[in-house]
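Enquirer: Just passing along the structure, written as structure tokens.
The values are calculated or read from the model by the stated rules, or taken from the named source; none is laboratory data. Treat the numbers as computed from the prediction; the structure is a model and nothing was measured. For neighbour counting, all protein chains shown are included, and Cβ atoms are generated from backbone atoms with ideal geometry for every residue, glycine included.
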Amino acid sequence: MVSALKNSFVFCFFNAVVITLLAIPLSLVFNAGFRSRNFVRSAFFFASVPSVLIIGYIFQLFFGPTENGVINSIIGRLGLEPVRWLSRSVLPMFSVIFANVWRLTGWHACIYLARLQGIPEEYYEAAKKLTKDGVVGTNILMDKGEGLSYVLEQFWISNGTDFVNEDGSSAEGYLNSAEGVEAAKFLNSLIEDGYANIDPIQKEFHNGKAATMLGGSWEVATLEKDYPDLDWGVTYFPVADGDGILTSPTGDWAASVTKNVQDMDAVKEVMRFLFSEDNVTTYAQAISKPPGRLCIIQARTAIF
């Protein structure tokens, strides 16, 4: 019993100390702007992907007690006797620690890297300081519809990924990529720490229940028209620390139809009406954003 507790303590202590001492400087290397850094990150992270059983088998080959073991084979070529890595009093413990350190150092380095570059610290700290007297620091969920993904997607983009691939055919490896998970965890931390509400009241910012609000240019028209007495201002959208991409929720609507539509001529007429110059211009002015058609901007420079 005492021996088991002693071994557990030694294993946990040396693992924690050595992994931390190696992972922190390694994360700084990962964060440096050198060529092939994504390959280097992946190479170190890959050690944590195989199961413990597979890792054990690999290191059994390394620490084999005879000349067939990789390490003992090298030692034998130097004219030295093989070392029984897994059967002497102290060596088995440190052999197991070495294998575990090798497996987890890259993974912990990636966690520290996420802290270095994946969180918009300025935005988080502002939300923290502004949360008081029944007012949350920020409003991050403006509705339960398309606006939710439209606005929050910016955190994925700023962190170097997106919801879907370029042709829109797949979300796998994008929405749930390492960068995407970091973005989701950051937004969740605002809610868990009490700086944002998961189910906000209607017009939370407009009614003085949230100190800041994530939104787009369409909010300008609403605030100017419906809340003339509210003292408000505009700043840039939160950007991920490190090499975060500057982004904002702007753009325009697009429409599409299924390929087996029965009356294509009628669809064309509807599309021409919806996206005519007059309709697109009126809509863009109503929500204070640039129109989605470049020809309209060029033709109506006095407006835009």
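Enquirer: Filter region 213-265 for residues that are aliphatic (A, V, I, L, M) and part of a loop (DSSP other than H, G, I, E, B) and give the result.
Expert: Step one: filter region 213-265 for residues aliphatic (A, V, I, L, M), giving 213-214, 220-221, 223, 230, 234, 239-240, 245-246, 254-255, 257, 261, 264.
Of everything in region 213-265, those that are aliphatic (A, V, I, L, M) and part of a loop (DSSP other than H, G, I, E, B) turn out to be LEU214, LEU230, VAL234, VAL239, ALA240, ILE245, LEU246, ALA254, ALA255, VAL257, VAL261.
Enquirer: How many residues are closer than 19 Å to SER288 by Cβ and either touching a Leu at 6+ places or on another chain (Cβ under 7 Å) or surrounded by 10 or more Cβ atoms within 10 Å (Cβ to Cβ) (or both) when one looks only at region 196-233?
Expert: Residues in region 196-233 being closer than 19 Å to SER288 by Cβ and either touching a Leu at 6+ places or on another chain (Cβ under 7 Å) or surrounded by 10 or more Cβ atoms within 10 Å (Cβ to Cβ) (or both): 20 in total.
Enquirer: Answer with yes or no whether TRP107 is part of a loop (DSSP other than H, G, I, E, B), buried (at least 16 other Cβ atoms within 10 Å of the Cβ) and at pLDDT below 85. Walk me through how you get there before you give the answer.
Expert: Working: part of a loop (DSSP other than H, G, I, E, B): no; buried (at least 16 other Cβ atoms within 10 Å of the Cβ): yes; at pLDDT below 85: yes.
No; evaluated as a whole, the condition is false for this residue.
Enquirer: Just need a number here: residues in region 137-178 that are of a type in the set (Phe, Trp, Tyr), modelled with pLDDT under 90 and surrounded by 18 or more Cβ atoms within 10 Å (Cβ to Cβ).
Expert: 0
Enquirer: Look at region 269-296 and say how many of its residues are surrounded by fewer than 16 Cβ atoms within 10 Å (Cβ to Cβ) and assigned to a helix (DSSP H, G or I). Outline the logic, then answer.
Expert: Of all residues in region 269-296, those surrounded by fewer than 16 Cβ atoms within 10 Å (Cβ to Cβ) come to 269-274, 276-279, 282, 285-288, 290, 294-295.
Still in the running and assigned to a helix (DSSP H, G or I): 269-274, 277-279, 282, 285-286, 294-295.
Counting residues in region 269-296 that are surrounded by fewer than 16 Cβ atoms within 10 Å (Cβ to Cβ) and assigned to a helix (DSSP H, G or I) gives 14.
Enquirer: Considering only residues of region 118-161 that are basic (Lys, Arg) and over 11 Å from ALA196 (Cβ atoms), which is nearest to the chain's Cα centre (by Cα)?
Expert: We begin by selecting, within region 118-161, every residue basic (Lys, Arg); these are 128-129, 132, 144.
Remaining after also requiring over 11 Å from ALA196 (Cβ atoms): 129, 132, 144.
Working: LYS129: 23, LYS132: 28, LYS144: 21 Å.
So the residue we want is LYS144.
Enquirer: For region 139-173, how many residues meet the condition of being among the small types (Gly, Ala, Ser), in contact (Cβ under 8 Å) with a residue 40 or more places away in the chain and assigned to a loop (DSSP other than H, G, I, E, B)? Steps first, please.
Expert: Narrowing region 139-173 to residues among the small types (Gly, Ala, Ser): 145, 147, 149, 158, 160, 168-171, 173.
Still in the running and in contact (Cβ under 8 Å) with a residue 40 or more places away in the chain: 158, 160.
From what's left, assigned to a loop (DSSP other than H, G, I, E, B): 160.
Residues in region 139-173 being among the small types (Gly, Ala, Ser), in contact (Cβ under 8 Å) with a residue 40 or more places away in the chain and assigned to a loop (DSSP other than H, G, I, E, B): 1 in total.
Enquirer: Among the candidates VAL257, VAL234, which residue alone is out of contact with any Lys or Arg (no Cβ under 8 Å at 6 or more places or on another chain), closer than 21 Å to SER158 by Cα and either among the β-branched types (Val, Ile, Thr) or free of Cβ contacts under 8 Å to residues at least 40 places away in the same chain (or both)?
Expert: On the way: VAL257 fails: closer than 21 Å to SER158 by Cα.
The match here is VAL234.
Enquirer: All but one of (1) outside the structural domain of GLY168 (by TED's automatic domain parsing); (2) surrounded by 15 or more Cβ atoms within 10 Å (Cβ to Cβ); (3) farther than 30 Å from GLY160 by Cα hold for ASP241; state the number of the condition that does not hold.
Expert: (3)
Enquirer: Now for a separate question. Quick check, is VAL181 in contact (Cβ under 8 Å) with a residue 12 or more places away in the chain, assigned to a helix (DSSP H, G or I), surrounded by 15 or more Cβ atoms within 10 Å (Cβ to Cβ) and not small (Gly, Ala, Ser)?
Expert: On the way: in contact (Cβ under 8 Å) with a residue 12 or more places away in the chain: no; assigned to a helix (DSSP H, G or I): yes; surrounded by 15 or more Cβ atoms within 10 Å (Cβ to Cβ): yes; not small (Gly, Ala, Ser): yes.
So VAL181 does not fit the description; no.
Enquirer: So which of VAL40, VAL49, VAL83, VAL90 is modelled with pLDDT under 75, of a type in the set (A, V, I, L, M) and under 20 Å from the mean Cα position of the chain (by Cα)?
Expert: Step by step, each of VAL40, VAL49, VAL83, VAL90 is checked, and only VAL49 is modelled with pLDDT under 75, of a type in the set (A, V, I, L, M) and under 20 Å from the mean Cα position of the chain (by Cα).
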